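As structure tokens, the structure follows; a few thoughts come after it.
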Amino acid sequence: MVGRFQPLHYGHLHAIRYAMRFAEEIVIGLGSSQIAFTLKNPLTIDERYEMMVRALRAEGFPLIKFYFAPIPDTERPEEDWGQIVLDRVPRVDVAFSNDPETQEDLTRVGIEVRPIPFYRRDLFEATNIRRLAARGDPLWRQLVPPSVAEFLEEIGFEARMRSIAGNRYD
């Protein structure tokens, strides 16, 4: 499963639970690993890792069944993102993704890709959560697990989003 988790929300937890029905172990690729402090990717790779571990632990997931891998974006057209993923994760039998580009790239390198049923996509969508945080709207805290809200408070997520967004969400 590859995602940016910017930030982790209840839809992501639903996807992880779904994938666990089909796999004994889950490899979570933290996508866009080299990008941080942008509107789309405000969190660093280390912050996302910490947020994921705290959330999975708080939700009762057995951490021994998870492996995390940073997955960078490609920077040149000739780079093969599917191969980049293969180079950074242990062998996987199946991947879970709803992103068409991810599905295409992983299928091209021989990985079976299965879609994940969305869970209340209208509500649990990271772009919306980042927008709410940038506006200072406390509703964003209800869209993420308590452990995630607590961690994001610790790192000053709302202030960071306001700084990055400027007037874009006014």
Self-check item: Residue check, residue 94 touching an Asp or Glu at 6+ places or on another chain (Cβ under 6 Å), farther than 27 Å from residue 166 by Cβ and touching a residue at least 12 places away in the same chain (Cβ under 8 Å)
Solution: yes
Quiz prompt | residue 168 surrounded by 17 or more Cβ atoms within 10 Å (Cβ to Cβ) and over 17 Å from the mean Cα position of the chain (by Cα) | solution = no
Quiz prompt | Residue check for residue 129: touching a Phe, Trp or Tyr at 6+ places or on another chain (Cβ under 7 Å) and at pLDDT 95 or above | solution = yes
Quiz item: Looking at 148, 113, which one is under 15 Å from residue 48 (Cα atoms) and touching a Leu at 6+ places or on another chain (Cβ under 9 Å)?
Solution: 148
Quiz prompt | Filter pass, residue 75 being without any contact (Cβ under 8 Å) to a residue 24 or more places away in the chain and assigned to a helix (DSSP H, G or I) | solution = no
Practice problem: Being aliphatic (A, V, I, L, M) and buried (at least 17 other Cβ atoms within 10 Å of the Cβ) is the filter here, so list the residues in the stretch 87-112 that pass it. | Solution: 89, 92, 95, 106, 111
Exercise. Please state which one of 70, 100 is over 25 Å from residue 157 (Cβ atoms) and of a type outside the set (Asp, Glu).
Key: 100
Practice problem: Select from the stretch 111-130 the residues that are out of contact with any helix residue (DSSP H, G or I) (no Cβ under 7 Å at 6 or more places or on another chain) and aliphatic (A, V, I, L, M) and write down the one among them that is nearest to residue 12 (Cα to Cα). | Solution: 126
Self-check item: Residue among 45, 28 that is in contact with a Phe, Trp or Tyr (Cβ under 8 Å, 6 or more places away or on another chain), touching a residue at least 24 places away in the same chain (Cβ under 8 Å), buried (at least 18 other Cβ atoms within 10 Å of the Cβ) and among the β-branched types (Val, Ile, Thr)
Solution: 28
Practice problem: Would you mind telling me which numbered condition in (1) within 19 Å of the chain's Cα centre (by Cα); (2) exposed (fewer than 14 other Cβ atoms within 10 Å of the Cβ); (3) of a type in the set (Gly, Ala, Ser) residue 126 fails? | Solution: (2)
Exercise. Mind checking which helices (runs of 4 or more DSSP H) fall wholly inside the stretch 96-162 and carry at least 1 residues that are among the basic types (Lys, Arg) and not assigned by TED's automatic domain parsing to the domain that holds residue 17?
Key: 126-135
Quiz prompt | Condition broken by residue 37, with the remaining ones in (1) surrounded by 13 or more Cβ atoms within 10 Å (Cβ to Cβ); (2) over 13 Å from the mean Cα position of the chain (by Cα) satisfied | solution = (1)
Quiz item: What pairs come up if the first residue lies in the stretch 145-170 and is touching a residue at least 60 places away in the same chain (Cβ under 8 Å) and closer than 16 Å to residue 132 by Cβ, the second is assigned to a helix (DSSP H, G or I) and of a type in the set (D, E, K, R), and their beta carbons are under 6 Å apart, counting only those six or more places apart or on different chains?
Solution: 161/130
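The values are calculated or read from the model by the stated rules, or taken from the named source; none is laboratory data. It should be emphasised that the depicted structure is a prediction, and the values quoted were computed from it without experimental measurement. Every residue, glycine among them, receives a Cβ derived from its backbone with ideal geometry; neighbour counts consider all protein chains shown.
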